[in-house]
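**Student:** Below you'll find the structure I mean.
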Amino acid sequence: MILNHLWGIYTHPKEEWHAIDEKHESYFYSLSHICIIALIPAILSYYASAHLGWSIGVGEVIKLNQQSALSLGIGMYFGLMAGVVALAIIMHELAKVFDSNPTYTQSLELAAYTATPLFMCGFAAFYPALWFVMMVGFVGVSYSIYLLYSGVPIMLHIPEDKGFIYSSSVVTGGLILLVILMVGSVLLWSVIGDPVFTH
């Protein structure tokens, strides 16, 4: 069943990593997980941007019109999916340097479940105040990094000492990937047109 590891990665992550490692799912299963989880931040960002409005400190609430908010949501959805797939490719290629030879599906599983807490932060859009979203985002990023460090030795069968170096390299690669996605988003906005704000 899709998402059946979701509860486990929050309540008992190491045991859940072992369960995932013992019974690897298909490539389609992992991709389906990403497709479903990525809907959370995309849909809620659309809703918050078009209907609730964003509060950035003092001042009036900022809203986008329906079309701009929809473009934002769709762009975010495909950007998030592309980001996880790209992260899986980085994990897969980098593992070879550490004498590990995982399948691409294993790398995608690791990337998908590692990114899940970050995607779940999309629920913070129900209270779209910048300070709150950033605080929740920090918690989500921290737990995603924890999942990565705990999952690498189990999923990729890399010894813990090497696993720490590997995970740190993946985090660095992920940050670079994030910057690329942000720059790509800005360029995409310039192609589509400037966002239209409403009051």
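The values are calculated or read from the model by the stated rules, or taken from the named source; none is laboratory data. Predicted model only: the values in this text are computed from it and were never measured. We place every Cβ from the backbone using ideal geometry, glycine too, and count neighbours over all the protein chains shown. For the accessible areas, the whole protein counts, side chains as well, though only heavy atoms, and no ligand, DNA or RNA atoms are used. Shrake-Rupley method; radii C 1.70, N 1.55, O 1.52, S 1.80 Å.
**Student:** Out of the residues in the stretch 87-110 that are within 21 Å of the chain's Cα centre (by Cα) and among the β-branched types (Val, Ile, Thr), which is least open to solvent (accessible area, probe 1.4 Å)?
**Tutor:** Selected residue: Thr105.
**Student:** Can I ask one more? Within the stretch 145-182, how many residues are crowded, with 19+ Cβ neighbours inside 10 Å and under 21 Å from Ile43 (Cα atoms)?
**Tutor:** The initial filter retains those residues of the stretch 145-182 that are crowded, with 19+ Cβ neighbours inside 10 Å, namely 147-148, 150-156, 158, 163, 166-167, 170, 174.
From what's left, under 21 Å from Ile43 (Cα atoms): none.
Of the residues in that region, 0 qualify.
**Student:** Can Val139 be described as over 15 Å from the mean Cα position of the chain (by Cα) and either crowded, with 16+ Cβ neighbours inside 10 Å or part of a helix (DSSP H, G or I) (or both)? Write out each step before concluding.
**Tutor:** On the way: over 15 Å from the mean Cα position of the chain (by Cα): no; either crowded, with 16+ Cβ neighbours inside 10 Å or part of a helix (DSSP H, G or I) (or both): yes.
Answer is no for this residue.
**Student:** Right, next: Are any of the residues in the stretch 20-32 free of Cβ contacts under 8 Å to residues at least 60 places away in the same chain, of a type outside the set (Phe, Trp, Tyr) and open to solvent by less than 30 Å² (accessible area, probe 1.4 Å)? Spell out how you get there, then give the answer.
**Tutor:** Let us first name the residues in the stretch 20-32 that are free of Cβ contacts under 8 Å to residues at least 60 places away in the same chain, namely 22-23, 28-29, 32.
Pick out the ones that are also of a type outside the set (Phe, Trp, Tyr) and you get 22-23, 32.
Then drop every residue that is not open to solvent by less than 30 Å² (accessible area, probe 1.4 Å), which leaves 32.
Yes, that holds for at least one residue.
**Student:** Could you give every pair whose Cβ atoms fall below 8 Å, whose first residue belongs to the stretch 125-154 and is farther than 20 Å from Ile20 by Cβ, and whose second residue is outside any helix (DSSP H, G or I) and polar (S, T, N, Q), counting only separations of at least 6 or pairs across chains?
**Tutor:** Cβ pairs passing all conditions: Pro128/Ser55; Ala129/Ser55; Leu130/Ser55.
**Student:** A further question follows. Is it the case that Ala69 is open to solvent by less than 20 Å² (accessible area, probe 1.4 Å) and under 19 Å from the mean Cα position of the chain (by Cα)?
**Tutor:** Numbers: open to solvent by less than 20 Å² (accessible area, probe 1.4 Å): yes; under 19 Å from the mean Cα position of the chain (by Cα): no.
No; evaluated as a whole, the condition is false for this residue.
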